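The values are calculated or read from the model by the stated rules, or taken from the named source; none is laboratory data. Computed from a predicted structure; not experimentally measured. Note that we place each Cβ from the backbone using ideal geometry, even for glycine, and neighbour counts take in every protein chain shown.
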């Protein structure tokens, strides 16, 4: 394991990699003469064949990627393995239009098409169809969303609204993390390693069969990651230790498929609050450790009646207990049951309909930082949807019409229709367009929270009352309504040759009733020390527009070399009369929080059956709200297979600079950090 106290130099990594490369390639040129190369399931595919990879998230049934009338991108298991990503958020950087910014060792901001933040709330995220939406804050806590990375089959990323299929909060996009079936993970896998930032990691999986129709797997994994440093070089106390385990069992009986799957996890992490943003009298301590633990259980039944007729019933239970900074204790539970039925109608119609019920129960404790009233609450949501895929011209023109009808405890009934048209004039070209309506329903926090967000050194109109400190206190409102979106999208896919393709999508989003903070009259809090409280209420008085373009290019120059490039452009405008809009990164200044330009270039090259070199270059433009400049960075992974079923690898991360900035926490003002350069090495053994 590398010594984290010693600086790592990218030149040393490159020299070592080239030496290893030259030595291994020379040896293999002698040893593999006359032998057939080992097949790679993805690198051996042509670009044309990759476009035929089937996806399920866009329509809730399997269809070819090239036939989906949505801006969709698939991150395959081979992409994940070659990237060197050790977490799901880091793997999501491969998808165009997705904003991934690291806030700390265990904290990320992940969004699609703007409005990014630690609790980005316009994104629906699922694992195997199980929603990982947080019932308290409407966002996703990415430190809890993990599994054995080798067990992920693919990640389907839909950019743009898909609320007609997946319901409220699928506003700017949908991410579905799909794990492999138990039959595809037979045998034993052991992996481990460590390095400068990735101090140590290990994982193991065992797959077998109870009988020929009942395969299963079990897995365990754990890791420890180093703390990051503040802009002034201070230790931010956010070392992260994690342990996780789980299982999956599949059983097939005739036309029926049954799945039972579950996970448990424990995370230990820390945080350090920014004293310049939130100081006394609120912070009892600026640094503290916390932990969370939880688990989930998923049951699913599928009955396949024909190629276009099937029934699905899924239910799951999810529980997480939090013990966070400043002794905040949250306990959340969710229960979900989901049914859908697909059937053909009148030759030209492919109909899918279904219903869903979801229950959220949570209990919270009061702290100096945050409190909710009442402390315990149970919320319910019920919904139904229908979708019809109409064939207007066989194999050439299809129209998708659908809508979802959601009822929630906060705003009542929400209707989210959708229309999509797909035109395929020939086998090399396809054009699609869509109009959608989507809503982001309120979270419990937006109704019930009292959050001490920041200490203000001065507020316009209040300077005469100083030197008393002014505390901005965010108050939930029972009148807070759903945020609404009307989206217009268009896309084009072209297959130049079996080895080259391009995918372009453009969009215009019209947002209304966006969240906007409104300040009330300050009042005096008598105590020691005395201070003023500035109440801030959440309203729906903001609106906005966003437009952009996303492009993905695939090219396979040779049988051993694959190149992929992505470019994303986003322009966001917010209209708000709030006097606090300049202090609000989530809406009022959301146009300054998302980078305008993102570029990703990946190169995957197989020198031989035993040696691979994978390079990943990224550019992200500036985040003006936090005064973070744009940055360029590169990851590299060198893989060597000395014998069958054994893989050795070394990975360099963020190689172009010693550190760089990416993002800052919003509602919980964690001390800003720099993302370090790092290197780690490891091994994987399958038998």
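Looking at the structure I just gave you, is residue 352 modelled with pLDDT of 95 or more and surrounded by fewer than 16 Cβ atoms within 10 Å (Cβ to Cβ)?
Values: modelled with pLDDT of 95 or more: yes; surrounded by fewer than 16 Cβ atoms within 10 Å (Cβ to Cβ): no.
Spelling it out, it is not the case that residue 352 is modelled with pLDDT of 95 or more and surrounded by fewer than 16 Cβ atoms within 10 Å (Cβ to Cβ).
So is residue 666 touching a helix residue (DSSP H, G or I) at 6+ places or on another chain (Cβ under 8 Å) and either within 18 Å of residue 101 (Cα to Cα) or not in a loop (DSSP other than H, G, I, E, B) (or both) or not? It would help to see each step written out before you state the result.
Numbers: touching a helix residue (DSSP H, G or I) at 6+ places or on another chain (Cβ under 8 Å): no; either within 18 Å of residue 101 (Cα to Cα) or not in a loop (DSSP other than H, G, I, E, B) (or both): yes.
Against the criterion (touching a helix residue (DSSP H, G or I) at 6+ places or on another chain (Cβ under 8 Å) and either within 18 Å of residue 101 (Cα to Cα) or not in a loop (DSSP other than H, G, I, E, B) (or both)), residue 666 does not qualify.
Going by what's in this entry, would residue 397 be described as closer than 30 Å to residue 500 by Cβ and free of Cβ contacts under 8 Å to residues at least 60 places away in the same chain? Spell out how you get there, then give the answer.
Values: closer than 30 Å to residue 500 by Cβ: yes; free of Cβ contacts under 8 Å to residues at least 60 places away in the same chain: yes.
Yes, satisfied.
Any residue at all in segment 518-536 that is in contact with a strand residue (DSSP E or B) (Cβ under 7 Å, 6 or more places away or on another chain), touching a residue at least 24 places away in the same chain (Cβ under 8 Å) and buried (at least 22 other Cβ atoms within 10 Å of the Cβ)?
Among the residues of segment 518-536, not one is in contact with a strand residue (DSSP E or B) (Cβ under 7 Å, 6 or more places away or on another chain), touching a residue at least 24 places away in the same chain (Cβ under 8 Å) and buried (at least 22 other Cβ atoms within 10 Å of the Cβ), which makes the answer no.
Going through segment 637-657 one residue at a time, which ones are within 26 Å of the chain's Cα centre (by Cα) and surrounded by fewer than 20 Cβ atoms within 10 Å (Cβ to Cβ)?
656, 657
Find the residue count for segment 400-413, including only residues that are more than 17 Å from residue 59 (Cβ to Cβ) and either free of Cβ contacts under 8 Å to residues at least 24 places away in the same chain or part of a strand (DSSP E or B) (or both). Walk me through it before giving the result.
If we filter segment 400-413 for residues that are more than 17 Å from residue 59 (Cβ to Cβ), which is where we start, we get 405-413.
Narrowing the set further to residues that are either free of Cβ contacts under 8 Å to residues at least 24 places away in the same chain or part of a strand (DSSP E or B) (or both) leaves 405-408, 412-413.
The total comes to 6.
Name the residue, out of 488, 531, 492, that is farther than 27 Å from residue 577 by Cβ and at pLDDT 95 or above. Steps first, answer last, please.
Working: 488 fails: farther than 27 Å from residue 577 by Cβ; 531 fails: at pLDDT 95 or above.
Within the list 488, 531, 492, the selection yields 492.
For residue 368, are the conditions met, namely being surrounded by fewer than 16 Cβ atoms within 10 Å (Cβ to Cβ), within 22 Å of residue 668 (Cβ to Cβ) and at pLDDT below 95? Give the derivation first.
On the way: surrounded by fewer than 16 Cβ atoms within 10 Å (Cβ to Cβ): yes; within 22 Å of residue 668 (Cβ to Cβ): yes; at pLDDT below 95: yes.
Yes; evaluated as a whole, the condition is true for this residue.
Condition check ((1) out of contact with any helix residue (DSSP H, G or I) (no Cβ under 6 Å at 6 or more places or on another chain); (2) modelled with pLDDT under 95; (3) within 27 Å of residue 597 (Cα to Cα)) across all residues:
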| site | (1), (2), (3) |
| --- | --- |
| 609 | yes, yes, no |
| 620 | yes, no, yes |
| 629 | yes, no, yes |
| 641 | yes, no, no |
| 659 | yes, yes, yes |
| 681 | yes, no, no |
| 686 | yes, no, no |
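Would you be able to tell me the number of residues in segment 611-636 that are touching a strand residue (DSSP E or B) at 6+ places or on another chain (Cβ under 6 Å), surrounded by 15 or more Cβ atoms within 10 Å (Cβ to Cβ) and assigned to a strand (DSSP E or B)?
Total satisfying the criteria: 15.
Kindly indicate the residue of segment 213-230 that is touching a helix residue (DSSP H, G or I) at 6+ places or on another chain (Cβ under 8 Å) and either surrounded by fewer than 17 Cβ atoms within 10 Å (Cβ to Cβ) or in contact (Cβ under 8 Å) with a residue 40 or more places away in the chain (or both) and also farthest from residue 201 (Cα to Cα) among those meeting that condition. Break it down into steps so the answer makes sense when it comes.
Filtering segment 213-230 for residues touching a helix residue (DSSP H, G or I) at 6+ places or on another chain (Cβ under 8 Å) gives 215-217, 219.
Remaining after also requiring either surrounded by fewer than 17 Cβ atoms within 10 Å (Cβ to Cβ) or in contact (Cβ under 8 Å) with a residue 40 or more places away in the chain (or both): 217, 219.
Working: 217: 20, 219: 14 Å.
By that ranking, first place goes to 217.
Within segment 390-421, count every residue that is touching a helix residue (DSSP H, G or I) at 6+ places or on another chain (Cβ under 7 Å) and surrounded by 16 or more Cβ atoms within 10 Å (Cβ to Cβ). Full working, then the answer.
If we filter segment 390-421 for residues that are touching a helix residue (DSSP H, G or I) at 6+ places or on another chain (Cβ under 7 Å), which is where we start, we get 402-404, 410, 416-418.
In the following step, the residues that additionally are surrounded by 16 or more Cβ atoms within 10 Å (Cβ to Cβ) were identified as 402-404, 410, 416, 418.
Counting residues in segment 390-421 that are touching a helix residue (DSSP H, G or I) at 6+ places or on another chain (Cβ under 7 Å) and surrounded by 16 or more Cβ atoms within 10 Å (Cβ to Cβ) gives 6.
Yes/no per residue for (1) touching a residue at least 12 places away in the same chain (Cβ under 8 Å); (2) crowded, with 24+ Cβ neighbours inside 10 Å; (3) over 28 Å from residue 612 (Cα atoms):
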| residue | (1), (2), (3) |
| --- | --- |
| 64 | yes, no, yes |
| 70 | yes, yes, yes |
| 75 | yes, no, no |
| 83 | yes, no, no |
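With the structure loaded, tell me whether residue 91 is modelled with pLDDT of 90 or more, touching a strand residue (DSSP E or B) at 6+ places or on another chain (Cβ under 7 Å) and outside any loop (DSSP other than H, G, I, E, B) or whether it fails that test.
On the way: modelled with pLDDT of 90 or more: yes; touching a strand residue (DSSP E or B) at 6+ places or on another chain (Cβ under 7 Å): yes; outside any loop (DSSP other than H, G, I, E, B): yes.
When the stated conditions are applied, residue 91 passes them.
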